[in-house]
Amino acid sequence: MAFKAAAIQMCSGVDPQKNAADMVRLVREAASQGAVYVQTPEMTGAVQKDRAGLRAVLRDESDDIIVATARSLAQDLGIHVHVGSTAIALEDGKIANRGFLFGPNGSRICTYDKIHMFDVDLDNGESWRESAAYSPGETARVAELPFAKLGFAICYDVRFPALFRAEAVAGAQVLTVPAAFTRQTGEAHWEVLLRARAIENGAFLIAAAQAGVHEDTRETFGHSMIIDAWGKVLASAGGSGEAVVLAEIDVDQVKAARGKIPNLKNARDFTLETVAAEAEGVPA
């Protein structure tokens, strides 16, 4: 079965209402070009590094404008809308970096909370501590859609291949990595990581990204991509500004790729030993 997918590239600011309006315009553009599955980037609702400023606009999911808008869009357009993620207020005072998938009737199919927290110190002085404000997810998910089985991840998750392998073993044919990659890490690793996750799992991969210089002065890498099950980049965007990236996805190619290189079937359990070197001059 084949279907048309779209990755929406955005440059979200600090105002969720404006970001929701931008999302509506771009998702409608993708649907007008035939997309039946549309993915938005990580932090669609607000890119805001000032935690106090972010908390001021946070809502729980029942009152979140991005969630309500995506649900309405899916129903109005009769498509699947995947909000890559948006910040959701939790009862314990922390935040969920949560993705949402809505079906053509407006129903919420599932959510996914980012599992791996971006706690890093980069060479250019950037320092990030997501775990200080965000509550990590604990559950990987695969959604069975009419046209494909879809696996979920968000941004930093891409550096943890076991997550993608578990989803592929569970039947995922399309993997997703909505993101807000920093420019420094994106230039070094974005494409190679995405293509590696697609290749090693014999799966399509869709990655909608934030791109450009944001209102909060953060700079994200962009280059939203759709990659096939053999690791070929089918479509991609530039490094700044909005874009709608579209590609035809034929899930039969997943079966073909996994048939050629059946590494999912060939994987074996193993043990690991650490062996100390013999002291110099002492015979083995």
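The values are calculated or read from the model by the stated rules, or taken from the named source; none is laboratory data. None of these values were measured; they are calculated from a predicted model. Neighbour counts run over all protein chains shown; Cβ positions are idealised from the backbone, glycine included. Calculation scope for accessible area: heavy atoms of the full protein, side chains included, ligands and nucleic acids excluded. Shrake-Rupley method; radii C 1.70, N 1.55, O 1.52, S 1.80 Å.
Computed with a 1.4 Å probe over protein heavy atoms only, the accessible surface of the chain comes to 45 Å² per residue. The equivalent ellipsoid of the range 170-284 has semi-axes of 36, 25, 10 Å, largest first, where each one is the square root of 5 times an eigenvalue of the Cα gyration tensor. Over the range 13-125, all Cα pairs binned in 5 Å intervals from 0 give whole-percent P(r) values of 2, 12, 22, 23, 17, 11, 7, 3, 1, 0, listed from short to long.
Per-residue 3J(HN,Hα) values for the range 149-158, derived from phi via the Karplus relation 6.51 cos²θ - 1.76 cosθ + 1.60 with θ = phi - 60°, read 9, 10, x, 10, 7, 9, 6, 4, 3, 4 Hz in sequence order (x marks Gly and Pro).
Distance between the modelled labels on Ala56 and Val169, one decimal in nanometres: 4.7 nm (7 Å Cα→Cβ projection). In the range 1-159, the portion of solvent-accessible area held by carbon and sulfur atoms comes to 46 percent [1.4 Å probe, whole percent, DNA, RNA and ligands not counted].
Over the range 178-284, what percent of the accessible surface lies on carbon and sulfur atoms, probe 1.4 Å? Carbon with sulfur: 52 percent of the solvent-accessible area. Between Cys110 and Leu101, the built amide H atoms are under 5 Å apart, and every one of these is 5 or more places off in sequence or on another chain.
Between the beta carbons of Ile261 and Glu144, assuming R0 = 30 Å, the FRET efficiency works out to 0.75 to the nearest 0.05.
DSSP bridge analysis restricted to the range 173-270 gives an antiparallel fraction near 70%, rounded to the nearest 5. Once the chain from Val192 to Met1 is taken as fully extended at 0.36 nm per residue, the excess over their C-alpha distance is 66.0 nm.
The local environment of Pro104, defined by Cβ-Cβ distances under 15 Å, has a net charge of +2 under the rule Lys, Arg +1 and Asp, Glu -1.
Ligands, DNA and RNA excluded, the heavy atoms of Tyr156 present near 40 Å² of accessible surface to a 1.4 Å solvent probe.
Over the chain, DSSP H runs of length four or greater, each weighted -39,500 (n - 2.57), average out per residue to a 222 nm ellipticity of -8500 deg cm²/dmol. Relative to the first principal axis of the alpha-carbon coordinates of the chain, what is the inclination of helix 65-77, with its axis defined by its Cα atoms, in degrees from 0 to 90 and to the nearest 10? Tilt relative to the chain: about 80 degrees. Against the chain, whose longest principal axis is taken from its Cα atoms, helix 16-32 shows a tilt of about 80°.
Between Gln17 and Arg129, take the C-beta separation as r, use R0 = 35 Å, and let me know the FRET efficiency to the nearest 0.05. Once rounded, the FRET efficiency stands at 0.80. For the Cα trace of the range 120-214, dividing Rg by the Kirkwood Rh returns an Rg/Rh value of 0.99. Computed from Cα atoms, the angle from the helix 183-201 axis to the main principal axis of the chain rounds to 70 degrees.
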